[in-house]
1. Within straight cross-link reach of residue A:91, meaning Cα distance under 26 Å, which lysines are found once same-chain residues fewer than 8 apart are removed?
2. Assigning unit charges at the beta carbon (Lys, Arg +1; Asp, Glu -1) and nothing else, what dipole magnitude in debye, to the nearest 20, does chain A show about its Cα centre?
3. With runs of 4+ DSSP H residues as the only contributors, calculate the mean residue ellipticity of the protein assembly as shown at 222 nm using -39,500 (n - 2.57) per run, divided by the residue total and rounded to the nearest 500.
4. May I ask you to list the residues of segment B:67-102 whose amide nitrogen lies under 11 Å from a point 7 Å from Cα along the Cα→beta-carbon direction of residue A:33?
5. Using a ≥ b ≥ c from the Cα gyration tensor of segment A:90-230 (square roots of the eigenvalues), is it rounded, prolate or oblate, where a/c under 1.5 gives rounded and otherwise the larger of a/b and b/c decides, a/b for prolate?
6. So what's the net charge close to residue A:168: Lys and Arg +1, Asp and Glu -1, counting the other residues with Cβ under 13 Å from its Cβ?
7. Kirkwood Rh over alpha-carbon pairs of segment B:21-102, then Stokes-Einstein at 37 °C and 0.692 mPa s: what D in µm² s⁻¹, rounded to an integer?
8. Can you give the longest run of chain A that contains no trypsin sites (Lys or Arg not before Pro) sitting in a DSSP loop with at most 16 other Cβ atoms inside 10 Å?
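Just so it is clear, none of the values below were taken in a lab; they were calculated from the coordinates. In this text, all values refer to a predicted model and were calculated from it rather than measured experimentally. Every residue, glycine among them, receives a Cβ derived from its backbone with ideal geometry; neighbour counts consider all protein chains shown.
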Amino acid sequence: MQEHGFSSGLKAGASIAIGYFPVALTFGLLAKTTGLSLIEATAMSIFVFAGAAQYISLSLITAGVLPALIVINTFIVNIRHFLMTAALNEKMEPDARWKKALYAFGITDETFTVLATQPGNKIRTSFAAGVIVISYGSWVAFTSLGHLIGASLPAFLQASMSIALYAMFVGLLVPSMKGNRKVLSLALIAALFNSLFFFTGWLSTGWAIMVSTLASAIIIELVSRKGVAA
Amino acid sequence: MGAWFWWMIFGMAVVTYIPRAIPLTFLEGRELPETVQNVLRNIPYAVLGALIFPAVFFIQENIWFGVIGAISAFAIAFTGANVILVVLGTIAILSMYGIWFG
């Protein structure tokens, strides 16, 4: 078998599957208390597959917000994926458009970060498929399970597992950050911008992540180009 | 929920898919200006910074969960452990913290 294919992708996506477990379980439970049936809750995870947007939609449904506004809000929350998939495109092997259109469905914050931080030049489509399949499977299955059992994990486990996705982000960032001031600066500047937006409330989360990421990426590009010229 | 719910899911699915699919399909086989390429190559590391901070501190009402979790994750990752070990190790540390102090 060729290397860095589907099964390597499954392995690389295992952290995401673990991280989605408590989040999806809680989503299923909240969906139930919001009044969604098992099929409705599961369908949302099957067709939308976007954690933050799905959570927000539940609170908006409870608040009696118009469905059309919920759809518009979903778009706003997910606008940041324009930036992520544009960046990911530089990293993916060239492939038929229909295949790219297919795996594009599975790009989330988490699958993006796992794919985009892989060492090496180009990522194979089959590797991306592996990362996405295990993540998506976890998201959908545990949404259903959360609705079915109608309870969350024991409190201590629920609390400790809520760190999982953040620990994964740290685990992806640190190896590239060691001895690389550019990577460190990129992460640090984006973190500072995002914190500023968060604590001042100037931007909502979806926009804040996108604007801080873009600002940091542009600033570092300008600075490093100057460094080369000097 | 009524029929409106299914229309809403359909709408949510479409508007979530658009930002995922357009760049990946439209940019296929296109060479972007070098400056744009460089900025795009910077995105993954900047995104990680923004995804981690400040949200990691607010995973629980008790801010110490986030603080201890973040410190543990960075500490484990700096030893060179792979991602899954960082995730499981951090969960283990927070579970112990939760059992003793939660």
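1. Within reach: A:11, A:99, A:100, A:122, A:178, A:182, A:226.
2. On the way: 14 positive and 8 negative charges, 110 e Å.
With only Lys, Arg, Asp and Glu charged at Cβ, the dipole is about 520 debye.
3. Working: 16 runs with 260 residues, N = 332.
Using -39500 (n - 2.57) per qualifying helix, the result is -26000 deg cm²/dmol.
4. The answer is none.
5. On the way: a/c = 2.04, a/b = 1.31, b/c = 1.57.
In terms of gyration-tensor shape, oblate.
6. Net of charged neighbours comes to -2.
7. Numbers: Rh = 15.4 Å.
It comes out at roughly 213 µm²/s.
8. Working: sites that count: A:122, A:178.
For trypsin sites (Lys or Arg not before Pro) (loop position, at most 16 other Cβ atoms within 10 Å), the longest site-free span of chain A is A:1-121.
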